[in-house]
Amino acid sequence: MAISEQWLSAQVAVRSISIVKFADLLWLLDTRGVAYLPALDWLVVSDLHLEKGSYLRSYGNPLPSVDSVATLKRLQQIIRDYNPARVISLGDSFHDKHSMSRMTAEDRNLLCDIINSVPKWDWVEGNHDPDLPEGIPGNPCHEIVHSNVVFRHEPEIYEPEPRETEPCETEPHEKESHEKEPSTKDGVQAKPQAKHQIIGHYHPKIRKTISRRRFSGKCFVVTEDLFIMPAFGQFTGGLDVDEEVMLVLASKKSRACYMLYDGTIFKA
């Protein structure tokens, strides 16, 4: 941990960080799109989508080869600021299974340097990257459990009579997670129960009108039992929080949205 009380106070004063409570833990929401858990010295990031640009170029989209290096350099600076004991990349870290074959040697080296600068790095599997590319440091896993909090890519229901899964290595005092196949509604996984979940996948964004000015940006979405991370990747789009898919997970009455705009974060 590199942050100090003085640094934190200064960041909160200029609205670069917002402090929220979720699952009885205090979280720092950083306007750069990451969440930090001071009690454990964990940094959480989601949906890097490395090499999305090269993937789209292969289908004729005229995009420059800058997304991976831009994403990695932003992440590198954040890790230097926090110096966390553990980084959790919450799925869709790589845009597709061939991402590493398209990544430049310089970007691969930068990625490995960033991972190796942290004592522990976990890759939670996503729908774009169910398997960690070969030769990449870090620990691949399905989910991470700490106390009553589970870190996953997508939300899931936990039933009374579960079956065992194989989550990431847990702390000595933690129990392994259990799960059943998630129920769905109109193709959307139903709202999670029983456990507090930190997820990615949805790339939430929000629009807000203030004094006749319209603002739009990525956002964190927090309910009583669900914490949805914004997408971190350079070329990641977003899903509006008022779309039906998002409202199934986080209704207007149940949610709090923290919008990221022009280097600031504020409750929208």
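Data table
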read-out	value
Which numbered condition E106 misses (of (1) acidic (D, E); (2) closer than 27 Å to H196 by Cβ; (3) at pLDDT 90 or above; (4) open to solvent by 60 Å² or more (accessible area, probe 1.4 Å))	(2)
Residue list for region 29-67, filter: open to solvent by less than 20 Å² (accessible area, probe 1.4 Å), among the hydroxyl-bearing types (S, T, Y) and modelled with pLDDT of 85 or more	Y36, S46
Meets criteria (at positive phi, at pLDDT below 95 and of a type outside the set (V, I, T)) for G126	no
Hits in region 241-262 - residues which are within 20 Å of the chain's Cα centre (by Cα) and in a helix (DSSP H, G or I)	V245, M246, L247, V248, L249
Residues located in region 112-138, provided they are open to solvent by 40 Å² or more (accessible area, probe 1.4 Å) and over 22 Å from R102 (Cα atoms)	S117, P119, K120
One residue from F235, F215, F220 being in contact (Cβ under 8 Å) with a residue 60 or more places away in the chain and part of a strand (DSSP E or B)	F220
Contacts under 7 angstrom Cβ, first residue in region 25-54 being more than 16 Å from S147 (Cβ to Cβ), partner outside any strand (DSSP E or B) and acidic (D, E), 6 or more apart	D47/D92; H49/D92; K52/D67; G53/D67
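The values are calculated or read from the model by the stated rules, or taken from the named source; none is laboratory data. Computed from a prediction, not measured in an experiment: that's the story for all the values here. Here Cβ is always computed from backbone atoms with ideal geometry, including for glycine, and neighbour counts include all displayed protein chains. Surface areas here come from the heavy atoms of the whole protein model, side chains and all, with no ligands, DNA or RNA. Shrake-Rupley method; radii C 1.70, N 1.55, O 1.52, S 1.80 Å.
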